[in-house]
1. So which residues in region 171-183 are open to solvent by less than 20 Å² (accessible area, probe 1.4 Å) and on the phi > 0 side of the Ramachandran plot?
2. Within the bounds of region 51-64, is there any residue that is at pLDDT 95 or above, touching an Asp or Glu at 6+ places or on another chain (Cβ under 8 Å) and in a helix (DSSP H, G or I)?
3. Tally up the residues in region 115-141 that are outside any strand (DSSP E or B) and either of a type in the set (Gly, Ala, Ser) or closer than 18 Å to ALA73 by Cβ (or both), please.
4. State which residue is farthest from ALA124 (Cα to Cα) when the search covers only region 24-52 and only residues that are among the small types (Gly, Ala, Ser) and open to solvent by less than 30 Å² (accessible area, probe 1.4 Å).
5. For region 89-114, what are the residues that are free of Cβ contacts under 8 Å to residues at least 60 places away in the same chain and either hydroxyl-bearing (Ser, Thr, Tyr) or assigned to a strand (DSSP E or B) (or both)?
6. List pairs: first in region 27-51 and basic (Lys, Arg), second exposed (fewer than 14 other Cβ atoms within 10 Å of the Cβ), Cβ under 9 Å, 6+ apart or cross-chain?
7. Taking region 1-23 as the search range and keeping residues that are closer than 19 Å to ASP91 by Cα and either free of Cβ contacts under 8 Å to residues at least 40 places away in the same chain or assigned to a loop (DSSP other than H, G, I, E, B) (or both), which one is least open to solvent (accessible area, probe 1.4 Å)?
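The values are calculated or read from the model by the stated rules, or taken from the named source; none is laboratory data. For clarity, every value in this text was computed on a predicted model and none was experimentally measured. Please note: Cβ atoms are built from the backbone with ideal geometry, for glycine as well, and neighbour counts cover all protein chains shown. Areas reflect the complete protein model, heavy atoms only, side chains present, ligands, DNA and RNA absent. Shrake-Rupley method; radii C 1.70, N 1.55, O 1.52, S 1.80 Å.
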Amino acid sequence: GVIVDDASAFPAERARVLGRNRFRWVAVKIHDGLRRLPANEAALAGGWAGELRQEGLRICGWGTVDRRPVREARLVAGLVRRLDLDCYIADAEDPYMGKGYGGVVARSAIFARAFRARLGSVPAAVTTYGAAIDPWILPFDYGSWRDRGFALLPQAYLPIAAHYGPGFVAAHAVRAGYPHSRI
């Protein structure tokens with residue numbers, strides 16, 4: 001899949017290239033915490049997703065979740081429905097991390113539960129920091145997301161360090177309790 005921050009910078013004409021290369025989804029940013037993104041909403045309402053869907057791509061929303069998980073889940077549910085999105089990706093980072101990251105680990109359970117109460121079985125994923133060096137696991141509540149049907153899209157940053165590469169982040173995800181089939 002492809003994660004897009006700004007729909008205007010990602011022309012829908014790229015749909016054929018994505019389809020030929022077996023991409024299955026495009027996720028466009030729809031919120032940042034409780035702040036909606038009107039330009040991306042307008043692009044979605046104006047048909048931006050049509051050409052992508054014609055190539056068989058699912059259109060997802062994504063957004064950064066922050067410190068108000070119940071209100072954010074409510075916002076997300078409304079946007080997913082109104083914008084006719086096929087799936088959603090929650091970007092849960094520092095506000096959801098414990099031990100030195102300044103967050104509250106319990107936010108994961110709160111958001112995931114509130115999301116599922118509103119959107120049931122809508123396909124969803126969580127993305128977060130990708131790797132801790134073996135044998136450690138990042139201080140994040142992976143179980144609350146996994147147990148509520150969220151796939152995991154761990155963030156790999158190979159240019160930063162070798163242990164942030166795809167193989168390391170996949171191994172970390174398995175140590176955190178995610179099966180390979182849901183990574």
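1. none
2. no
3. Summing the residues that are outside any strand (DSSP E or B) and either of a type in the set (Gly, Ala, Ser) or closer than 18 Å to ALA73 by Cβ (or both) in region 115-141 gives 14.
4. ALA43
5. ASP91, ALA92, TYR96, TYR101, SER108
6. LYS29/ASP5; LYS29/ASP6
7. Restricting to residues being closer than 19 Å to ASP91 by Cα and either free of Cβ contacts under 8 Å to residues at least 40 places away in the same chain or assigned to a loop (DSSP other than H, G, I, E, B) (or both), the top hit is VAL4.
Okay, residues lined up against (1) surrounded by fewer than 16 Cβ atoms within 10 Å (Cβ to Cβ); (2) of a type outside the set (Val, Ile, Thr):
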| residue | (1), (2) |
| --- | --- |
| GLN54 | yes, yes |
| ALA77 | no, yes |
| CYS87 | no, yes |
| TYR101 | no, yes |
| VAL105 | yes, no |
